[in-house]
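Student: What follows is a single structure, and I will ask about it in a moment.
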Amino acid sequence: MITLTLGEVAAAVGGRLQGDAGDAQVTGVSLDSRTLGAGDLFIGVRGERFDGDQFAAAALAAGAVCAVVRAETAAALSPGAARIVVAEGLDALQALAAEVRRRSPARVAAITGSTGKTSTKDILASLLAPVARTVATQGNHNNEVGVPLTLLRVEPDTEVIVAELAMRGSGQIRQLARVAAPDVGVITNIAPVHLELVGDIEDVAAAKAELIEELGERAVVVPGGEPLLAPYLAHHRGRVITFGDLGSNVHLVDVDYSDQETRAVVDAFGRRARLLFNFTGGHYLTDALAALAAFLELGYPLDAAREGAASIAFSELRGEIAQLSCGGFLLNDAYNANPLAMHAAVDHLLQLAAGRPAVAVLGDMYELGPRSQAFHVEVGEYVAKRGVKLVAVGELGRGYLAGSPDGVWHATVDECIAALAEDVAPGSAVLVKASRALRLERVAAALKATRAAGSDDCPGTADPRD
């Protein structure tokens with residue numbers, strides 16, 4: 001973190017500095033009294049199920065240089081304890097992050113979208129790693145708490161910040177964009193996600209377009225030919241960079257997939273480069289085009305993307321490939337799900353299957369609003385059309401069977417795990433995917449455990465990566 005004095009912190013968050021603060025400096029921020037380090041400032045943030053203020057005394061005892069707390073908590077601390085009194089910890093966290101962002105010379109790329117935003121973030125961060133000192137969103141730090149924590153990891157020599165912006169409803173992208181103050185915005189796509197929270201798909205577009213509105217005269221990267229964004233782009237005063245289709249600024253000229261990698265010729269504003277990506281899956285390549293567009297807008301030439309393209313590191317539970325018994329394999333994409341992402345994951349499974357029996361273990365898709373059942377049916381139809389065996393999990397997941405009646409259904413993840421030996425034949429190519437709350441990664445873990453305990457004495461099969 002960029003070092004600040006306690007006086008500077010108090011000014012940034014609009015708080016009152018009390019106690020024996022001395023000339024202490026803040027070199028980090030923690031919300032958890034159990035993990036804070038030397039030089040850390042503790043900020044008490046309230047959530048639906050917790051109140052961080054109750055851990056302020058423990059944080060100070062553990063070595064925090066100061067605690068940022070509400071007035072009632074400050075009054076209960078020892079008189080000499082260094083504390084900054086604020087109205088609300090979350091507001092203070094965001095204000096402090098905005099101040100660090102203001103002081104940093106780093107450029108910020110902010111990424112949102114209905115699907116693919118984490119993969120696009122991962123790809124852009126990997127492209128930048130060889131050419132710039134980069135800080136990027138880690139794990140699920142993409143919300144009103146996580147985005148500030150990402151910005152607070154910035155050091156004086158940081159050159160680029162890659163921030164993922166998630167939403168649960170209208171107004172959240174706007175709020176996060178005002179904290180991050182991006183130089184480049186990226187919208188990966190508009191799809192039927194979070195419909196229970198915002199309404200219909202036009203409302204999803206409006207929520208994502210809050211990023212466009214907050215960019216002012218700064219550049220935005222968007223999918224080419226997306227009609228739902230057109231009304232917002234018409235009023236945008238900055239550069240609009242498109243990716244995807246042949247008419248876009250950044251698009252594919254040629255592509256060749258293999259089991260382990262993707263070779264692509266990319267055209268960016270008329271300049272071409274041949275890039276080798278160490279991933280498979282057409283949806284990841286679309287995300288890569290978005291990342292490349294942001295990479296270029298940040299000031300780096302297309303040729304400079306080669307080294308990073310060959311070393312893409314994806315976040316956990318996203319497109320992970322693991323060997324299973326008898327030459328089968330697992331495609332673990334269990335982090336989240338929506339109709340568009342389900343299609344892409346099934347296509348990815350078949351791209352890798354190479355003749356193996358293909359099995360899709362698909363669980364509930366949440367937050368799809370009144371058309372939830374129809375979306376599940378449609379995904380089931382797509383699975384059946386593609387010739388993939390369906391194993392459905394969860395109450396909503398039962399809807400897949402209306403589109404794929406030859407599939408099997410389990411009410412719970414535990415029931416699915418118990419039936420894996422019957423549902424998944426040795427040597428199969430297996431996809432595991434569902435909305436995060438279902439925790440379908442437990443099925444992936446069970447499949448890998450079976451592989452570890454089983455035998456590979458099965459002829460005529462191979463690891464898809466060999």
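Coordinate-derived values only; no laboratory data. Model, not experiment: these values are computed from the prediction. Ideal geometry is used to build each Cβ from the backbone, glycine not excepted, and the neighbour counts take in all protein chains shown.
Student: Give the percent of DSSP beta bridges with both residues in the stretch 1-159 that are antiparallel, rounded to the nearest 5.
Tutor: Close to 40 percent.
Student: Tell me which residues come under 5 Å, amide H to amide H, from V108 once H is placed; ignore anything under 5 positions away on its chain.
Tutor: Hits under the 5 Å cutoff: I161, D183, V184.
Student: Report for the stretch 320-453 the percent antiparallel among DSSP-assigned beta bridges with both residues inside it, nearest 5.
Tutor: 20
Student: Taking the 0 to 90 degree range and rounding to the nearest ten, how far is the long axis of helix 339-353 tilted relative to the main principal axis of the chain, both from C-alpha atoms?
Tutor: Long axis of 339-353 versus the principal axis of the chain: about 50 degrees.
Student: Among rounded, prolate and oblate, which fits the stretch 320-453 when a ≥ b ≥ c are the square roots of the eigenvalues of its C-alpha gyration tensor, a/c under 1.5 means rounded, and a/b larger than b/c means prolate?
Tutor: prolate
Student: Tell me, what HN-Hα J-couplings in whole Hz come from the Karplus equation 6.51 cos²θ - 1.76 cosθ + 1.60 at θ = phi - 60° for each residue of the stretch 176-185, using x for Gly and Pro?
Tutor: Those phi angles translate into 5, 5, 5, 6, 7, 6, x, 8, 9, x Hz.
Student: Right, next: List the residues whose amide H sits under 5 Å from the amide H of V26, counting only those 5 or more places along or on another chain, with H placed 1.01 Å from N in the peptide plane.
Tutor: L4, T5, L6
Student: Do you know the Lys pair count in the chain for C-alpha distances under 21 Å, with sequence separation 8 or more or different chains?
Tutor: For the chain, the number of qualifying lysine pairs is 8.
Student: Once both labels are modelled 7 Å past Cα along the beta-carbon direction, what's the R439-A87 spacing in nm?
Tutor: 3.8
Student: What FRET efficiency do you get for A11 and R239 if R0 is 22 Å and r is their Cβ-Cβ distance, rounded to the nearest 0.05?
Tutor: 0.05
Student: If you don't mind, there's one more thing I want to ask. Quick one: 3J(HN,Hα) in Hz for the stretch 109-117, Karplus 6.51/-1.76/1.60 with θ = phi - 60°, rounded, Gly and Pro as x.
Tutor: The phi angles translate into 10, 10, 10, 9, x, 6, 9, x, 5 Hz.
Student: Amide H of G328 versus every other amide H placed in the peptide plane: which residues, excluding those fewer than 5 positions away on the same chain, fall under 5 Å?
Tutor: Those qualifying (amide H under 5 Å, at least 5 residues apart or on another chain) are G427, S428.
Student: Here's a follow-up. HN-Hα J couplings of the stretch 269-284 from phi, Karplus 6.51/-1.76/1.60, θ = phi - 60°, integer Hz, Gly and Pro as x?
Tutor: Taking θ as phi minus 60°, the curve returns 6, x, 9, 10, 8, 9, 10, 10, 9, 8, 9, 10, x, x, 5, 5 Hz for the stretch 269-284.
Student: Here's something else I'd like to know. Pick out, from I161, A59, L289, the residue whose Cα sits farthest towards the positive end of the charge dipole of the chain, with +1 on the Cβ of Lys and Arg and -1 on the Cβ of Asp and Glu.
Tutor: Of the candidates, I161 comes out farthest on the positive side.
Student: Express as a percent, rounded to the nearest 5, the fraction of DSSP beta bridges in the chain (both residues included) that run antiparallel.
Tutor: 35
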